[in-house]
Amino acid sequence: MRGSHIVAEAALRAGCRYYFGYPITPQNELPEYMSRRLPEVGGVFVQAESEIASINMVIGASMAGARVMTSSSSPGISLKQEGISYLGGLELPAVIVNMMRGGPGLGNIAPSQSDYFQATRGGGHGDYRTIVLAPASGQELCDLTYKAFDLADHYRTPVLILADGMMGQMMEPVRFPVLRDVGKLPRKPWAITGAKGRKSHFIRSLILDPGQMEEHNWKLMRKYEQIADAEVRFESFKTDDADLVIVAFGTAARIAKAAVKRARNEGLKVGLFRPITLWPFPKKPLQEVAKRVKHFFVFELNAGQMVEDVQLALSGQSDVFFYGRPGGVVPNPAEISRIVSRQFFQKEIG
Amino acid sequence: MKKVFGRPKTLKPVPYHYCPGCGHSLLHRIVAEVIEEMGVEEIAIGVPPAGCAVLAYNYFDVDMGEAAHGRGAALATGVKRVLPDHLVFTYQGDGDIAAIGTAETVHAANRGERITCIFVNNAVYGMTGGQMAPTTILGQTTTTSPGGRVGNRDGFPLNLSEMLAVTRGSAYIERTSVTSPAGIRATKKAVRKAFEIQLKGLGFTLVEVLSPCPTNLKMSPIEACRWVDTEMVNYFPLGVIKDVTAPEEGKNAH
Amino acid sequence: MLIKTIFAGFGGQGVLSMGYVLAYAAMVEGLQVTYLPSYGAEVRGGTANCTVAISNEEIASPIASAPDNVVVMNNPSLEKFQHQILTGGVMFINTNLVESRPVRGDIVLYEIPCNDLAHDLGSDQSANMVMLGGFIEKTGLVKMESVRSAIGDVFKEKKKAKEMNLKALDVGFDYMRNNGGKA
Amino acid sequence: MKGSIKIDSSQCKGCAFCVEACPNGVIEIGAKRNAMGYFYAVVKKDGAKDGKGCTGCTLCAVMCPEVAIEVYREER
């Protein structure tokens with residue numbers, strides 16, 4: 001099944017019955033799938049007039065207590081940032097998919113990872129974060145999307161699926177989880193559903209009093225700390241005996257894994273550390289790896305973004321080399337393994 | 001003696017933050033009265049705007065969810081699609097609905113979204129300090145049109161309601177004012193009709209209310225009302241602009 | 001010398017212009033001065049206050065955690081600022097709108113019925129300048145001449161308001177001088 | 001028909017809409033200020049023009065932005 005379709009079907013199975021979006025390449029297969037599939041299960045698909053409108057429809061549906069989703073690609077996500085900041089401030093759950101493409105500006109439609117900063121630093125205005133999940137396979141697109149709705153509801157926070165055009169277009173076999181009974185999802189007493197049998201309430205992010213606003217900000221921060229403690233996900237591949245570890249996520253990690261295998265064939269002890277949650281960044285697990293490994297090789301499909309988090313995590317204790325291909329260029333495993341070999345040679349590793 | 005006029009129950013007993021003679025104050029009460037008289041308190045969901053009425057959720061005793069600047073119609077769309085049997089209304093000022101939120105509003109109308117927009121037009125930006133609005137009339141002085149609005153430089157007063165009437169999805173659009181007892185009665189009737197048409201599922205509804213902003217017009221409250229009655233109405237004529245339930249005209253728009 | 005004054009009331013009372021005129025007057029005298037307004041989102045009726053710091057040397061922080069003077073134009077402002085004022089500091093109270101009095105005994109208190117005096121003058125909006133006149137009389141922070149010149153500049157284009165404000169300023173000044181204004 | 005009104009002086013902001021709305025001139029802006037600093041509306045002491053008093057027509061309350069007026073009418 002195609003990556004975009006996997007995400008859509010997984011969302012539906014997780015209980016998502018509302019999708020609001022606006023077409024942009026390379027993710028159009030996702031809304032197309034939703035427009036066909038949602039009505040079959042009593043859901044609603046709306047093609048909005050813009051990304052801004054669609055994210056605000058998401059806010060409305062989330063306020064009303066529904067599991068809701070939108071998707072887009074880089075320039076469209078920039079437009080959605082207004083609403084994503086509101087979701088953060090209003091403490092509303094929602095799932096947002098970004099099939100990244102080359103940028104900045106209109107850029108191109110080739111796979112890229114250059115929205116890492118935007119995704120992991122909140123992206124919009126104000127002190128807030130979104131949970132960022134970075135799948136690297138068809139099965140993970142499915143599992144992480146499915147999981148994203150639970151995380152969003154549990155923490156009342158927006159969750160971002162950060163994939164790229166390649167993940168969205170690629171086909172892989174996948175095993176889907178069970179279809180959730182929407183009626184049996186956890187109740188949301190905070191939602192606005194009409195003041196029937198209870199006092200009326202409102203959902204707002206406007207807090208004029210600076211003291212109260214600060215308290216709201218600290219409350220969000222405490223929530224983010226909880227998330228950082230409980231929700232870190234990563235994959236460690238052949239790092240136990242490694243002399244050098246590649247750090248990469250998503251599509252780049254797939255290429256890196258192949259490069260690791262090539263390097264191992266050449267007798268070079270190379271491993272892969274793959275963050276699955278980009279925020280919270282798996283800082284402690286990476287530090288654990290750094291107790292045994294001195295050399296790190298960060299590979300991204302951008303000009304160097306996650307490398308800053310790696311450097312922060314390793315606090316200058318390790319040697320961090322960066323290799324990136326921005327603009328939608330996807331290198332092959334041979335290229336990466338060649339550069340890894342050169343590192344071994346130059347630094348006299350192993 | 002029998003009490004014949006008092007505060008509606010759907011209006012919380014808290015004093016308004018609005019200036020003396022502000023039309024928002026009157027319109028809040030009118031909307032609250034209609035909600036109470038229709039008995040729809042339990043299914044009503046309001047969407048307050050950015051602008052002076054941003055604190056509307058402090059006053060209406062119904063569920064409310066705040067929208068970003070101009071996005072009321074989009075947010076209300078989301079709510080209504082999840083809760084199709086509820087009464088969903090936005091409350092928006094002229095800058096909110098007719099400038100930053102024009103796209104959201106036009107397309108909600110065009111989709112025939114079953115929501116009601118209460119559009120407060122006072123020809124000026126209130127909360128930000130009296131700047132030019134899309135509905136500022138020609139020659140009107142504001143803090144960003146210091147010599148008076150000039151059409152071919154600053155743009156012309158925007159007749160959003162007439163624009164929306166052209167969309168096939170809109171069902172009922174009326175323009176009223178709150179500057180006199182008769183205007184208030186007409187406004188109340190229009191809001192009620194819009195709500196009823198929404199609940200019947202006939203399409204998008206909107207009531208534009210011309211409203212005095214004495215502070216930013218730099219007039220006494222009564223002068224501000226007279227200004228609305230004599231100057232503003234030249235650009236924004238009162239009356240029903242579209243009504244698909246009317247026997248003759250209006251229907252042909254479909 | 002560094003003197004910090006907070007002017008407080010609700011929006012629409014002219015609290016900010018009171019501070020602005022004082023700051024402007026200090027500038028006219030060639031003093032160092034900062035003017036820091038703070039107000040709610042409401043145009044009228046919300047809380048509004050401003051801090052004016054005047055000094056003959058560079059002013060580091062424009063914020064006053066312990067002001068020397070506080071001018072309160074309404075009741076909530078009294079409640080809010082009475083505990084911030086310095087020991088030995090001076091508080092000016094608009095008796096028309098402030099019913100309570102500070103609980104502290106270590107501050108100097110002056111009272112003036114600004115709204116009544118302004119009303120008698122035929123200009124309800126000038127209560128703020130009445131207060132400013134009284135404030136100048138008691139604090140001598142700047143010269144009356146400088147305040148007059150400041151009002152002249154600030155209301156350059158509004159002749160009527162300028163005249164009225166100058167009159168109100170004198171009324172407040174004279175009231176303090178003649179009645180002492182002492183609580 | 002006889003009526004009467006009750007004005008909540010603490011909520012009145014003195015906009016004078018009620019003064020203008022009253023067909024019998026029963027209301028005026030008084031000489032006292034409320035805690036917000038506004039001269040608030042009061043019912044005239046010596047009645048109204050033509051000797052007509054309040055009829056409980058509710059026009060003042062309809063026009064009152066602050067919902068500060070309650071109207072009572074004699075039951076028939």
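A few comments on the model shown:
- Taken about its Cα centre, chain B carries a charge dipole of roughly 260 debye when the Cβ of each Lys and Arg holds +1 and the Cβ of each Asp and Glu holds -1.
- Per-residue average of Cβ from other chains inside 10 Å of A:200-210: 6
- Residues A:Val270, B:Val124, B:Val106, ranked from the fewest to the most other C-beta atoms within 10 Å, line up as B:Val106, B:Val124, A:Val270.
- In chain A, the C-alpha radius of gyration followed by the widest Cα-Cα span (Dmax) gives 20.6, 73 angstrom.
- Remark: C:Cys114, B:Cys52 ranked as B:Cys52, C:Cys114, counting other beta-carbon atoms within 10 Å and listing the fewest first.
- Restriction of the GluC sites (Glu not before Pro) in region C:31-91 to DSSP coil positions whose beta-carbon has at most 16 other beta-carbons within 10 angstrom yields C:Glu57, C:Glu58.
- Normalised convex hull volume, chain B, alpha-carbon set, Å³ per residue: 128 Å³
- Cα centre as origin, Lys/Arg/Asp/Glu Cβ charges: chain C dipole, Debye: 160 debye
- In chain C, the C-alpha radius of gyration followed by the widest Cα-Cα span (Dmax) gives 14.9, 44 angstrom.
- Loop-resident sites, region A:93-140, for trypsin sites (Lys or Arg not before Pro), counting at most 16 other Cβ within 10 Å (DSSP): A:Arg121
- Region D:3-73, Rg to Rh (Cα coordinates; Rh as Kirkwood inverse mean 1/r): 0.94
- Residue among C:Phe155, C:Ile54, C:Leu86 farthest towards the positive dipole end of chain C, charges placed on Cβ: C:Phe155
- Only Lys, Arg (+1) and Asp, Glu (-1) charged, at Cβ; region A:1-117 dipole about Cα centre in debye: 260 debye
- Share of pairwise Cα-Cα distances greater than 20 Å in region A:235-346 is 31 percent (whole percent).
- Counting neighbouring Cβ atoms within 10 Å and putting the fewest first, the residues C:Arg101, A:Arg274, A:Arg342, A:Arg2 line up as A:Arg342, C:Arg101, A:Arg2, A:Arg274.
- Of the three principal axes defined by the Cα atoms of the protein assembly as shown, the extents in descending order read 106, 79, 53 Å.
- Trypsin sites (Lys or Arg not before Pro), loop per DSSP, at most 15 other Cβ atoms within 10 Å - longest free stretch of chain C: C:1-103
- Volume of the convex hull of region A:255-296 (Cα atoms only), normalised per residue: 69 Å³.
- Sum of -39500 (n - 2.57) over DSSP H runs of 4+, divided by residues of the protein assembly as shown (222 nm, nearest 500): -11000 deg cm²/dmol
- Largest-first ellipsoid semi-axes for region B:30-149, taking √(5λ) over the Cα gyration tensor eigenvalues, angstrom: 28, 16, 11
All of the numbers you see were taken from the coordinates with simple rules; none came from a lab. Because the structure is a prediction, the values reported are computed rather than measured. Don't worry about glycine lacking a Cβ; one is built from the backbone with ideal geometry, like all the others, and counts go over all protein chains shown.
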